[in-house]
Structure formats: C-alpha cells, structure tokens
1. Can you work out which of the residues in the range 1-45 that are touching a residue at least 60 places away in the same chain (Cβ under 8 Å) and not small (Gly, Ala, Ser) is surrounded by the fewest Cβ atoms within 10 Å (Cβ to Cβ)?
2. Quick one: in the range 87-142, which of the residues that are basic (Lys, Arg) and exposed (fewer than 14 other Cβ atoms within 10 Å of the Cβ) is farthest from residue 33 (Cα to Cα)?
3. Given the conditions (1) surrounded by 11 or more Cβ atoms within 10 Å (Cβ to Cβ); (2) closer than 25 Å to residue 113 by Cβ, and given that residue 69 satisfies all but one, which numbered condition is not satisfied?
4. Report, by residue number, each residue of the range 1-52 that is more than 28 Å from residue 91 (Cα to Cα) and basic (Lys, Arg).
5. Checking residue 81 against (1) farther than 24 Å from residue 127 by Cβ; (2) touching a strand residue (DSSP E or B) at 6+ places or on another chain (Cβ under 8 Å); (3) not charged (D, E, K, R), which test does it fail?
6. Of the residues that sit in the range 47-61 and are of a type in the set (Gly, Ala, Ser) and assigned to a helix (DSSP H, G or I), which one is surrounded by the fewest Cβ atoms within 10 Å (Cβ to Cβ)?
7. Considering each residue of the range 62-77, count those that are within 27 Å of the chain's Cα centre (by Cα) and either assigned to a helix (DSSP H, G or I) or touching a residue at least 60 places away in the same chain (Cβ under 8 Å) (or both), and give that number.
8. So which residues in the range 1-36 are part of a helix (DSSP H, G or I) and over 16 Å from the mean Cα position of the chain (by Cα), if there are any at all?
Amino acid sequence: MADTAKPRPQFRNIHVSQIVAYRLPPAGIVSILHRISGAVLFLLLPFIIWLFDVSVSSEASFERFRAAFTAGLGFLPGWFVKLVVLGLIWAYLHHFIAGVRHLWMDATHSVTKAQGHSSALVTLALGVVLTLALGAKLFGQF
C-alpha cells in the first residue's frame with residue numbers, strides 16, 4: 001500500500017515581528033478584545049466607582065458629575081473625560097456581549113467553526129454599533 005496521503009502542515013510559533021502581518025480570525029479578535037475590555041474595566045474600576053458615587057450622592061455632587069464632562073477634572077479637559085467614558089462604554093458593551101456569546105455557545109454546544117465565526121462578527125458589530133449610538137448621546141448629538 002503506497003503512502004499517497006498529503007503531508008500534514010507544520011504549525012510553528014510566529015515571531016514578534018510577524019504579529020502585524022498575521023491574520024487572526026474574528027473569534028480570535030473577539031477573544032483578545034474580551035480580555036482587553038475586562039482589563040480596562042478592572043483598571044478603571046476606581047474611576048467607575050467615583051462616577052457612580054458622585055452621580056447619586058446629592059444634587060450638588062451630581063452637578064460636579066455633570067461639570068466633569070464640560071469643564072473637566074483637574075487638569076483633564078472635558079472632552080478627554082468623555083473619551084475615557086466612551087472607552088468604558090465600549091469595554092462594558094463588548095465584555096458583556098462577548099460574555100453572552102460564550103454563555104450561548106456553552107448552553108447550545110455551538111462550537112463549529114462557522115458558528116464561531118458568525119457569532120464573533122455579530123459580537124464585534126453589536127459592540128461597535130451600540131458604542132457609536134451611546135457615544136453620540138454622550139457627545140450631545142441627540
């Protein structure tokens with residue numbers, strides 16, 4: 001019996017210089033962004049807690065909260081505070097949607113390559129669209 005099978009492909013680790021040229025599938029992008037969004041939420045947790053505390057403590061503190069978005073905080077201008085909050089909005093939405101995606105995949109045993117690809121694209125699209133909508137509200141577009 002002749003060995004006519006194609007040789008199996010060899011997979012090697014990529015070098016740091018090849019990272020820019022490496023094409024990651026959408027599921028891989030969602031996975032990496034899920035980790036980044038979780039880290040951002042964790043690192044900015046003191047800021048999130050401060051925002052919540054100042055927004056609900058009293059009417060005077062709520063005015064300080066509103067002023068942070070127009071006049072800024074200390075040496076940080078208001079547009080920068082809005083940009084940080086927009087980043088937090090994206091981090092929360094992406095982390096939440098990607099988490100729901102993982103729960104859905106676990107509950108339905110949807111682990112095929114095609115389902116992973118399509119659910120990753122939906123996750124990326126929903127995160128961006130909802131962030132743009134809430135960002136437009138944050139920056140006063142409506």
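1. The extreme case among them is 25.
2. Looking at the filtered set, the residue picked out is 137.
3. For residue 69, the exception is condition (2).
4. 6, 8, 12
5. Among (1) farther than 24 Å from residue 127 by Cβ; (2) touching a strand residue (DSSP E or B) at 6+ places or on another chain (Cβ under 8 Å); (3) not charged (D, E, K, R), the lone unmet condition for residue 81 is (1).
6. My answer is 60.
7. Result for the range 62-77: 6.
8. Matches in the range 1-36: 16, 17, 18.
No lab work stands behind these numbers, since they all come straight from the coordinates. Keep in mind it's a predicted model, so treat the numbers as computed, not measured. In this analysis, Cβ positions are derived from the backbone assuming ideal geometry, glycine residues included, and neighbour counts consider all displayed protein chains.
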